[in-house]
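The values are calculated or read from the model by the stated rules, or taken from the named source; none is laboratory data. Just so it is clear, the structure is predicted and the values come from calculations on it, not from any experiment. Methodologically, a virtual Cβ is constructed for each residue, glycine included, from the backbone with ideal geometry; neighbour enumeration extends over all protein chains shown. In case anyone asks, the SASA skips ligands and DNA or RNA and just uses the protein heavy atoms, side chains included. Shrake-Rupley method; radii C 1.70, N 1.55, O 1.52, S 1.80 Å.
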Amino acid sequence: MSITAIPMHLQEVPTTDGTGTAAPHHNPEATGGRDVSFTERRAVLLHGLRVLLQQYPIGETLPSVRELATPLGQAQRYVGSAMVHLDRLGEVVYSPSGGNAGRRRLSPQEQHPNDIAFDRAARDGIESGRHEAGTVLSTAILAVQHGLTLELVPRALRLVIKDRLVAFWEGPHGPGYYVLPVSGRPA
């Protein structure tokens, strides 16, 4: 992927003093006078990164953030932040500190390695009847037991939701992940 795949008005541009780069919304020349929101810049970067990552087979070790930033024409810190976001969505395995899991793409059917124990505990609790249909799944307790933060619960439940064991909705006890009745599950 070349830098031309990211529209010029969304690319980073040099600062006047040459010490680094400025975000596009700070440079009227780069944006044609238009204020570009953080959300728009982030969406373009995530799209570009996803397109670039498609070049690498699922399961294969991904290049470093530095190597990914070059063809995207973005600062390493932005690409690193985008990789963390994709990790939180369960699209890649990535740890800014390197971690022992490595950097790799995940298939849509593959559980993030940090979520396997959480997924297994949720499924076991549902299948054994500890978590009854119509009740809220105790995600906060499961997260603490399995070393996850609350922001990673949606990623950890991604396949449990796909298998229609739970669903997020505003139920009788407020918003949460509710265990679905057996009739809503695949045979």
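Taking 35 Å as R0, compute the FRET efficiency from the Cβ-Cβ separation of Q55 and A167 and round it to 0.05.
Details: r = 35 Å, r/R0 = 0.99.
The calculated FRET efficiency here is 0.50.
Electrostatic bookkeeping for R155 treats Lys and Arg as +1 and Asp and Glu as -1; over the other residues with beta carbon under 13 Å from its beta carbon, the sum is -3.
Taking all protein chains as shown and a probe of 1.4 angstrom, L46 keeps an accessible surface of around 20 Å².
Charge dipole (Cα centre; +1 on Lys/Arg Cβ, -1 on Asp/Glu Cβ; no other charges) of the range 132-176 amounts to roughly 180 debye.
Return the carbon/sulfur percentage of the accessible area of the range 63-187, one whole number, probe 1.4 Å, all protein chains in place. Please report the intermediate quantities before stating the final value.
On the way: 3680 of 6610 Å².
C and S atoms contribute 56 percent here.
Fully extending the segment from L89 to T135 would add 14.1 nm, taking 0.36 nm per residue of separation and subtracting the current Cα-Cα distance.
Can you work out the FRET efficiency for the pair E40 and Q109, with r the C-beta to C-beta distance and R0 = 35 Å, to the nearest 0.05? FRET efficiency, E40 to Q109: 0.65.
Please compute the per residue accessible area over the range 41-171 with all protein chains in place, 1.4 Å probe, rounded to a whole number of Å².
On the way: 6780 Å² over 131 residues.
Each residue of the range 41-171 exposes 52 Å² on average to a 1.4 Å probe.
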